[in-house]
Amino acid sequence: MYGNDFSAEDTAGGGLLGEVEAAEAALREAAARGRRGAPGPDQDLAAYFAEVVEADQKIEPRDWMPEAYRKTLIRQIAQHAHSEIIGMQPEGNWISRAPSLKRKAILLAKVQDEAGHGLYLYAAAETLGISRDELVDMLLNGRQKYSSIFNYPTLTWADVGAIGWLVDGAAIVNQVPLCRCSYGPYARAMIRVCKEESFHQRQGYEILHTLAHGTPGQKAMAQDAVNRWWYPSLAMFGPPDTDSTHSAQSMAWKIKRFSNDELRQRFVDMCVGQAEVLGVTIPDPALRWNDERQSYDYTQPDYDELMRVIKGEGPCNRQRMEHRRRAHAEGAWVRDAATAYAAKQAAKREKVAA
Amino acid sequence: MKGPFDFTLGLADDALVAAQRLAEWSTRAPEMEEDIALSNIALDQLGAARLLLTYAGELEGAGRDEDALAFGRDDREFRNCLLVELPNGDFAVTMAKLLLLSAYQLPLYTALAACADERLAAIGGKARKESAYHLDHSSLWVKRLGDGTEESHRRMQAAVDEMWPYTHELFAADPAAPVDPATLRPDFDAVVSAVLDEATLTRPETTWAPAGGRDGVHTEHLSFLLAEMQVLHRAHPGARW
């Protein structure tokens, strides 16, 4: 899962599972249409790139691409991968205490899926000519960010449900348009990720539903979690459009397709009905239907808080980074051993062959 | 002599406590691929535990389901072997524990798959395939660490030395059980010896053979593990999750 709250200049998107499938169909169609062969020796590479993007076909790893396009994608895909890896921590926090064996199994599998998404996305970034080790270093030394939502703590079991419903829900709204991203490996990765995320979202929704229809203590737990996660989830879409320095460039390159505010509105509209079914209250007294706009009016999240969390002053920034650095450092001797063992085995094979 | 309930509960608790320990590695593994692999193995153990606990509850006939057995018993009522409840230690200790556990569970589940009890036979048939993977995975790591760097060799040997005494409890004779654990020892010894030899590791010479898990007399560690695992469930008596 992942948001659009890293910095003022990132991505967005919006939609649901049907849109993922439509994007997948479009991808297959574009592949079947084929591309108009490689550019000729005299052809302008930049013009050729623009034509492929314009025709809604995919840029592939070996194609020429503008350096800024490559850099934008590396940053975006890497930040997404980092978010998956750091995002394992807040939910992983409850694996050992999950209240039933079935919930334990589901949560363990979910956190495992996030590790899988991380690896898949690092592999997509590697197609752009950078290694996973370099990207992991940039995460560990703070040069690249991850989604700020993961800097909030999971204080009760209901937080696991709220993350599934709201955080995964926001992530899906953000990511579905990325299934149509002009860069082929990223678009394909997003199709796969979105399908699994929608499964996670349903699981979170179900946890909250059970709590909200449970004992008074469970109901209170569910409402408390929604109260704490609602506004940070809205902030996942990034700063308002008026402040967003996101480039028209990302739109022109067909990396980004909707503005932050468009996606945020889509998310709010989606959640209102779901909250009613759940039996929880969205903590916004100003939330009401606007007939003219055919959308809900709502209170904006505290963007100053978002900026503070991005800057490193959220409740858990230090804890999350320390956790990841420690796992990396404590695993160094194991990785070294695996490398040494592989070298010894290769030497043995050579000796046998000689 | 113990009945089928105790026998089944012992296997269930081995798997449950092993799953709880392995899941502690989530977000902490030495590499991301290993994070996924350890979660996989934890999920396999948890899956086997759920089947076994459910069946144990039916054998008991007192209306306890998997959650009542997992979350409602104190440490003195758990029947797992001591090996699985020991703390994870470093990655070498975890791999030593997993090697020894899976080299025991594989012949156990294989024998169970052919036993007269249909339910246990079905569970054994499913779980043995998973155990074979656990044994492969841990064997490979024990070899890598044993025959890797000087530091990894030192750590891996220390881990084997530390865990080895806890293997004896696994094979205590129980002739009336659907599978007598004592009959599994030769297979276990052959498999583990081959892995340790290839890993340039030795078995420690010691007569110490800690035991008691099957009778509910555990190490000090189990109570803490259960306190964490059971805290939420116990805080809301009668709640559904």
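The values are calculated or read from the model by the stated rules, or taken from the named source; none is laboratory data. Only a predicted model underlies this, so the values are computations on that prediction, with no experimental measurement involved. Neighbour counts are summed over all protein chains in view; Cβ atoms, including those assigned to glycine, are modelled from backbone coordinates with ideal geometry.
Among the residues of the range A:225-253, what is the count of those that are modelled with pLDDT under 90 and within 18 Å of the chain's Cα centre (by Cα)? Spell out how you get there, then give the answer.
Step one: filter the range A:225-253 for residues modelled with pLDDT under 90, giving A:241-252.
Checking which are within 18 Å of the chain's Cα centre (by Cα) leaves us with A:246, A:250.
Selection size over the range A:225-253: 2.
Looking only at the range A:262-297, which residues are closer than 20 Å to residue A:201 by Cβ and free of Cβ contacts under 8 Å to residues at least 40 places away in the same chain? A:264, A:265, A:268, A:269, A:272, A:273, A:276, A:296, listed by residue number.
Residues in the range B:110-140 that are among the aliphatic types (A, V, I, L, M), under 26 Å from residue A:344 (Cβ atoms) and buried (at least 20 other Cβ atoms within 10 Å of the Cβ): B:135 only. Considering (1) farther than 24 Å from residue B:59 by Cβ; (2) surrounded by fewer than 23 Cβ atoms within 10 Å (Cβ to Cβ), the lone condition that residue B:103 does not fulfil carries the number (2).
The helices (runs of 4 or more DSSP H) found entirely in the range A:281-354 that carry 1 or more residues being of a type in the set (A, V, I, L, M, F, W, C) and within 14 Å of chain B (Cβ to nearest Cβ) are A:317-330, A:332-353. The residue pairs whose first member lies in the range A:148-166 and is free of Cβ contacts under 8 Å to residues at least 60 places away in the same chain, whose second member is part of a helix (DSSP H, G or I), and whose beta carbons are closer than 7 Å, counting only pairs six or more residues apart or on different chains, are A:164/A:200; A:164/A:201; A:164/A:203; A:164/A:204; A:164/A:205; A:164/A:207. Among all positions in the range B:178-187, there is no residue which is in a loop (DSSP other than H, G, I, E, B), at pLDDT 95 or above, on the phi > 0 side of the Ramachandran plot and touching a helix residue (DSSP H, G or I) at 6+ places or on another chain (Cβ under 8 Å). Look at the range B:192-205: where a residue is under 17 Å from residue A:348 (Cβ atoms) and a partner is part of a loop (DSSP other than H, G, I, E, B), sitting 6+ places away or on another chain with Cβ atoms under 7 Å, you get B:199/B:147; B:200/B:147. Residue B:143 is checked against (1) surrounded by fewer than 24 Cβ atoms within 10 Å (Cβ to Cβ); (2) under 16 Å from residue B:164 (Cα atoms) and fails just one. What number does that condition carry? Against the list (1) surrounded by fewer than 24 Cβ atoms within 10 Å (Cβ to Cβ); (2) under 16 Å from residue B:164 (Cα atoms), residue B:143 comes up short only on (2). Annotation: residue B:228 fulfils all but one of (1) within 30 Å of residue A:206 (Cβ to Cβ); (2) away from every other protein chain (no Cβ under 14 Å); (3) acidic (Asp, Glu); the unmet one is (2). The residues listed here are A:79, A:57; of these, the one that is surrounded by fewer than 21 Cβ atoms within 10 Å (Cβ to Cβ) and under 21 Å from residue A:248 (Cα atoms) is A:57.
Only helices (runs of 4 or more DSSP H) wholly contained in the range A:152-216 count here; list those with 1 or more residues that are at pLDDT below 95 and touching a Gly at 6+ places or on another chain (Cβ under 6 Å). Steps first, answer last, please.
Values: elements: A:157-162, A:168-175, A:184-212.
Counting at least 1 such residues, we get A:168-175, A:184-212.
Residues that are of a type in the set (Phe, Trp, Tyr), within 30 Å of residue A:226 (Cβ to Cβ), surrounded by 14 or more Cβ atoms within 10 Å (Cβ to Cβ) and out of contact with any Asp or Glu (no Cβ under 7 Å at 6 or more places or on another chain) occur in the range A:246-264; there is at least one. Considering every residue within the range B:166-186, establish whether at least one is surrounded by fewer than 17 Cβ atoms within 10 Å (Cβ to Cβ), in contact with a Gly (Cβ under 8 Å, 6 or more places away or on another chain) and touching a residue at least 40 places away in the same chain (Cβ under 8 Å). For the range B:166-186, residues surrounded by fewer than 17 Cβ atoms within 10 Å (Cβ to Cβ), in contact with a Gly (Cβ under 8 Å, 6 or more places away or on another chain) and touching a residue at least 40 places away in the same chain (Cβ under 8 Å): absent. If you go through the range B:208-217 one residue at a time, do you hit one that is over 26 Å from residue B:120 (Cα atoms), touching a His at 6+ places or on another chain (Cβ under 6 Å), away from chain A (no Cβ under 14 Å) and in a loop (DSSP other than H, G, I, E, B)? Yes - at least one qualifying residue is present in the range B:208-217. The set of residues in the range A:74-99 being basic (Lys, Arg) and assigned to a helix (DSSP H, G or I) consists of A:75 alone. Looking at A:159, A:168, just one residue is within 14 Å of another protein chain (Cβ to nearest Cβ), farther than 30 Å from residue A:68 by Cβ, acidic (Asp, Glu) and buried (at least 19 other Cβ atoms within 10 Å of the Cβ), and that residue is A:159. Note on the range A:82-119: among residues that are in contact (Cβ under 8 Å) with a residue 24 or more places away in the chain and of a type in the set (Val, Ile, Thr), the one that is nearest to residue B:225 (Cα to Cα) is A:106. Just one of the listed residues (B:198, B:220, B:150) is out of contact with any Ser or Thr (no Cβ under 7 Å at 6 or more places or on another chain), within 14 Å of chain A (Cβ to nearest Cβ) and farther than 19 Å from residue B:103 by Cα, and it is B:150. Going residue by residue through the range A:232-243, is there one that turns out to be under 18 Å from residue A:284 (Cβ atoms), touching a residue at least 24 places away in the same chain (Cβ under 8 Å), surrounded by fewer than 19 Cβ atoms within 10 Å (Cβ to Cβ) and not hydroxyl-bearing (Ser, Thr, Tyr)? There is at least one residue in the range A:232-243 that is under 18 Å from residue A:284 (Cβ atoms), touching a residue at least 24 places away in the same chain (Cβ under 8 Å), surrounded by fewer than 19 Cβ atoms within 10 Å (Cβ to Cβ) and not hydroxyl-bearing (Ser, Thr, Tyr). Residues of the range B:85-100 that are farther than 15 Å from residue B:14 by Cβ, hydrophobic (A, V, I, L, M, F, W, C) and surrounded by fewer than 23 Cβ atoms within 10 Å (Cβ to Cβ): B:93 alone.
How many of the residues making up the range A:114-128 are more than 15 Å from residue A:188 (Cβ to Cβ) and either at the interface with chain B (Cβ under 9 Å from one of its Cβ atoms) or out of contact with any helix residue (DSSP H, G or I) (no Cβ under 7 Å at 6 or more places or on another chain) (or both)? Talk me through it step by step, then tell me what you get.
Kept after step one, since they are more than 15 Å from residue A:188 (Cβ to Cβ), are these residues of the range A:114-128: A:114-115, A:118.
If we keep only those that are either at the interface with chain B (Cβ under 9 Å from one of its Cβ atoms) or out of contact with any helix residue (DSSP H, G or I) (no Cβ under 7 Å at 6 or more places or on another chain) (or both) too, we end up with A:115, A:118.
The qualifying residues number 2.
Checked against the criterion of being away from chain B (no Cβ under 11 Å) and small (Gly, Ala, Ser), the candidates A:100, A:83 yield just one match: A:83.
Just to be sure before I move on: is residue A:47 at pLDDT 85 or above, out of contact with any Ser or Thr (no Cβ under 7 Å at 6 or more places or on another chain) and under 18 Å from residue A:186 (Cα atoms) in the structure I sent? No.
Within the range B:1-28, being facing chain A (nearest Cβ under 8 Å) and either without any contact (Cβ under 8 Å) to a residue 12 or more places away in the chain or of a type in the set (S, T, N, Q) (or both) holds for B:20, B:26, B:27, B:28.
Once the range B:39-94 is narrowed to residues that are more than 13 Å from the chain's Cα centre (by Cα) and among the β-branched types (Val, Ile, Thr), the residue that is nearest to residue A:100 (Cα to Cα) is B:54.
If you check B:57, B:3 for being at pLDDT 95 or above, in contact with a helix residue (DSSP H, G or I) (Cβ under 9 Å, 6 or more places away or on another chain) and not β-branched (Val, Ile, Thr), only one passes: B:57.
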